[in-house]
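The values are calculated or read from the model by the stated rules, or taken from the named source; none is laboratory data. What you see is a predicted model; the values in this text were computed from it and never measured. As a convention, Cβ positions derive from the backbone with ideal geometry for all residues, glycine included, and neighbour counts pool all protein chains shown. SASA here: full protein model, heavy atoms, side chains in, ligands and nucleic acids out. Shrake-Rupley method; radii C 1.70, N 1.55, O 1.52, S 1.80 Å.
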Amino acid sequence: MNLGLAGAWLRYGGASEWAVRDVSLEFEAGVHSALLGPNGAGKSTVLRALAGLRPCDRGSAHVNGRDSREWPRRALARQMAFVASTEEDAFPVRVRDYVGLGRNPYLGAFNPPAAADRAV
């Protein structure tokens, strides 16, 4: 799977200044990558754009050559996952169960994970 931005410009809602200016980058399958920068530099905004959760104000975000926003949510969830750094759970969750949420795109509505899902 390849993720990337092409000439992306992003700003925080209603802000006059750009959080991300004309950024192009590629994350290739099988390659460890890091997105580094100080607080407020736009790292999470870039990740949200890659995940199709936030449109680019200019430019584009793509997954496997296809605009992130054009993917059906379930199909995109089978390609990638995104956990926000500010994630707050409404109730305590074991790490095993939280990681298991990644199997949801493969389950039908209201179907509990099977043994094969737990093995993955």
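Rounded to 0.05, the FRET efficiency of the Asn111 and Arg73 pair, given R0 = 22 Å and the Cβ-Cβ distance, is 0.80.
Taking the chain as a Gaussian network of alpha-carbon nodes connected by springs under 10 Å, the highest mean-square fluctuation of the residues Phe91, Phe82, Phe27 belongs to Phe91. When the solvent-accessible area of the chain is split by element, carbon and sulfur atoms take up 54 percent of it, the probe being 1.4 Å. Can you tell me the FRET efficiency between Leu36 and Val83 if r is taken as the Cβ-Cβ distance and R0 is 22 Å, rounded to the nearest 0.05? Efficiency computed from Cβ-Cβ geometry: 0.80.
Relative to the current alpha-carbon distance between Arg94 and Tyr12, full extension at 0.36 nm per residue lengthens the span by 26.3 nm.
Rolling a 1.4 Å probe over the heavy atoms of the protein chains gives the chain an accessible area of 69 Å² per residue. Which of rounded, prolate, oblate describes region 11-76, given a ≥ b ≥ c as roots of the alpha-carbon gyration tensor eigenvalues and a/c under 1.5 marking rounded, otherwise prolate only if a/b is larger than b/c? Cα axes put region 11-76 in the oblate bin.
Averaging the Cα positions of each part gives two centres, and for region 1-30 and region 92-114 these lie 30 Å apart. Between Leu25 and Asp57, full extension at 0.36 nm per residue minus the direct alpha carbon distance yields a gain of 9.9 nm.
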